[in-house]
1. If the Cβ limit is 7 Å and pairs must be 6+ apart or interchain, which residue in region 61-78 that is more than 16 Å from Glu279 (Cα to Cα) pairs with which residue that is open to solvent by 70 Å² or more (accessible area, probe 1.4 Å) and among the aliphatic types (A, V, I, L, M)?
2. Within region 216-291, considering only helices (runs of 4 or more DSSP H) that don't extend past its boundaries, which have at least 3 residues that are within 21 Å of Val187 (Cα to Cα)?
3. In the list Trp127, Trp191, which residue meets the criterion of being part of a helix (DSSP H, G or I), closer than 24 Å to Trp100 by Cβ and open to solvent by 40 Å² or more (accessible area, probe 1.4 Å)?
4. Tell me, which residue of region 134-186 that is farther than 30 Å from Phe94 by Cα and among the polar types (S, T, N, Q) is surrounded by the fewest Cβ atoms within 10 Å (Cβ to Cβ)?
5. Restrict the check to region 238-259 and report whether at least one residue is modelled with pLDDT of 85 or more, under 20 Å from the mean Cα position of the chain (by Cα), more than 30 Å from Leu55 (Cα to Cα) and aliphatic (A, V, I, L, M).
6. Please enumerate the residues belonging to region 75-98 that are open to solvent by 90 Å² or more (accessible area, probe 1.4 Å) and either of a type outside the set (S, T, N, Q) or modelled with pLDDT under 90 (or both).
7. Can Val48 be described as at pLDDT 95 or above and surrounded by 10 or more Cβ atoms within 10 Å (Cβ to Cβ)?
8. How many of the residues in region 111-129 are without any contact (Cβ under 8 Å) to a residue 24 or more places away in the chain and on the phi < 0 side of the Ramachandran plot?
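The values are calculated or read from the model by the stated rules, or taken from the named source; none is laboratory data. Note that the coordinates shown come from a computational prediction; the quantities given were computed from them, not determined experimentally. Every residue, glycine among them, receives a Cβ derived from its backbone with ideal geometry; neighbour counts consider all protein chains shown. Only protein heavy atoms, including side chains, enter the accessible area calculation; ligands, DNA and RNA are left aside. Shrake-Rupley method; radii C 1.70, N 1.55, O 1.52, S 1.80 Å.
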Amino acid sequence: MTSATVRKRSVKRSARGAPDGGGGGAGDRLVDHGAWFLVLPALIPILVLSVGPLLYGIALAFTDSQSGRTEPTQWIGTLNFQDLLHDTLFWDSFRIGLLWAVGVTIPQFLLALGLALLLNENLRFRWLARSLAIIPWAMPEVVVGIMWRLVYNPDAGILNETIRDLGLGDGRDWLSGLATALPAVIVVGVWAGMPQTTVALLAGLQNTPRELHEAAAMDGADAWRRFRTVTWPALKPVALAITALNFIWNFNSFALVYVLTNGGPGGRTRLPMLFAYEEAFRYGQFGYAAAMGCVMVAVISVILALHLVGRLRGGDDA
């Protein structure tokens, strides 16, 4: 049998076994339709509960929508955004929101990193320590706020009682003082958000091969050098992701600060989300509050874009 005959037979077999172009296209379309049907149960709630309200809020920002008015809502273009540019109260709340987000995110990460490194060691009763570490994460923000209001109570709070017992003074009203309200609220934010950061970092630590640590130790590297050359490079992607998410979550905080101080005293803890809430539901300025929400969404989008660009550049450099 010649090689030419073998090639002809193989071509015939391939022709008989391969489906025609029309059948393949129909099959692909059926697969695509089936994939859409599988995605729809997850896609519909996102469209209804996230995308829909977001688009409605953006449209509302270009209107003069108010509560209690009998006239129909009018389209006013960018007038709300123009007023927002000259609203010093909003930009003060924006500045406070940035201070709050940075002041919570950085200590939150540093403390969570130390706790994750500790919980990653072979300690006795490590399972109990890990369980206790996530308790604040399991508590609703309203409950956390009420609990810390009791801690900061100027008359019978455990903090002031401890200060008096140690002879350090008579204590103070932490949540009502102009100089202490924001730092006191930041402490609560760090305590409440640290467990989720700890869990994320601990998961990253457990994915780091122990053989690398053992090899570095055999080479004479101390604990700090092993962390800098082995642990941190493996943990860096998780650290960057959880830090970016924490900053966004903290910037958008509402319930915790609302329960603790309601934005007081004198607006010292009025975060942007709380300011928009007051404009909408206390003063009835729905269109103006929607414009504030659009500005906050734009800021968060810019932060996410910068984070993604940094991650992509880091991947290219790697």
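1. Once the first residue is more than 16 Å from Glu279 (Cα to Cα) and sits in region 61-78, no partner that is open to solvent by 70 Å² or more (accessible area, probe 1.4 Å) and among the aliphatic types (A, V, I, L, M) comes close enough.
2. Fully inside region 216-291 and qualifying: 232-251, 255-260, 272-281.
3. Answer to the check: Trp191.
4. Result: Thr162.
5. So far as region 238-259 goes, yes, one or more of its residues are modelled with pLDDT of 85 or more, under 20 Å from the mean Cα position of the chain (by Cα), more than 30 Å from Leu55 (Cα to Cα) and aliphatic (A, V, I, L, M).
6. Answer for region 75-98, where residues must be open to solvent by 90 Å² or more (accessible area, probe 1.4 Å) and either of a type outside the set (S, T, N, Q) or modelled with pLDDT under 90 (or both): Trp75, Leu85, His86, Leu89, Trp91, Arg95.
7. Spelling it out, it is not the case that Val48 is at pLDDT 95 or above and surrounded by 10 or more Cβ atoms within 10 Å (Cβ to Cβ).
8. Total meeting the criteria: 10.
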